[in-house]
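I have placed the structure first, in the form of structure tokens, so that the comments after it can refer back to it.
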Amino acid sequence: MENQKNWHAKHHDSLNLGGRIADAVAKGMGSWKFIIIQTVLVILWMGLNAIGFIYHWDVYPFILLNLLFSTQAAYAAPIIMMAQNRQNERDRLHAEADYKTNKDAKHEIETLSIMLKSIEVEKLDKLIEMMKEMRNKPTV
């Protein structure tokens with residue numbers, strides 16, 4: 001039996017290192033874990049800067065924090081878009097595989113339908129033949 005890969009395995013094998021990294025980053029940034037960790041870090045950053053008695057490394061309005069968020073957004077947006085483009089490609093491959101499967105199934109159903117009709121016609125022909133024989137048979 002030939003070992004055939006499905007559309008998902010073929011697509012995964014076609015990904016290069018950059019694609020795998022982009023998918024991992026998009027998956028990580030699109031999780032509750034990331035949002036919660038980032039929220040905790042922001043609260044700590046702002047809290048420590050607001051109540052720091054000796055050293056404020058980023059005083060209100062937290063310009064360094066804004067710069068960090070801008071940098072994060074500048075890198076995150078294209079990486080997430082790359083992952084979305086790959087998702088679109090995966091969806092296209094999946095749709096093509098579904099179409100091929102549906103086309104093959106339609107062909108099989110049509111073939112089975114023709115075979116069933118043929119069997120029905122053969123049965124009807126035999127019944128008609130048996131009825132003719134019964135009609136032609138002399139009754140005793």
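So the values come out like this:
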| item | result |
| --- | --- |
| Rounded tilt (10° steps) of 17-29 against the dominant C-alpha axis of the chain | 70 |
| From phi via Karplus (6.51, -1.76, 1.60), per-residue ³J(HN,Hα) for region 73-84 in Hz, x at Gly/Pro | 5, 4, 8, 5, 4, x, 5, 5, 5, 4, 5, 5 |
| Region 7-99 - Debye-derived log10 I(q)/I(0), Cα point model, q = 0.21 Å⁻¹ | -1.03 |
| Theoretical gain in end-to-end length, residue 124 to residue 46 [0.36 nm per residue, Cα-Cα removed] | 19.4 nm |
| Residues 58, 91, sorted so that the one with the fewest Cβ neighbours within 10 Å comes first | 91, 58 |
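Only the coordinates and a few stated rules stand behind these numbers; no lab work does. In this text the structure is predicted, and so the values were computed from the model without any measurement. Reconstructed Cβ throughout: ideal geometry from the backbone, glycine too, with neighbour counts over all protein chains shown.
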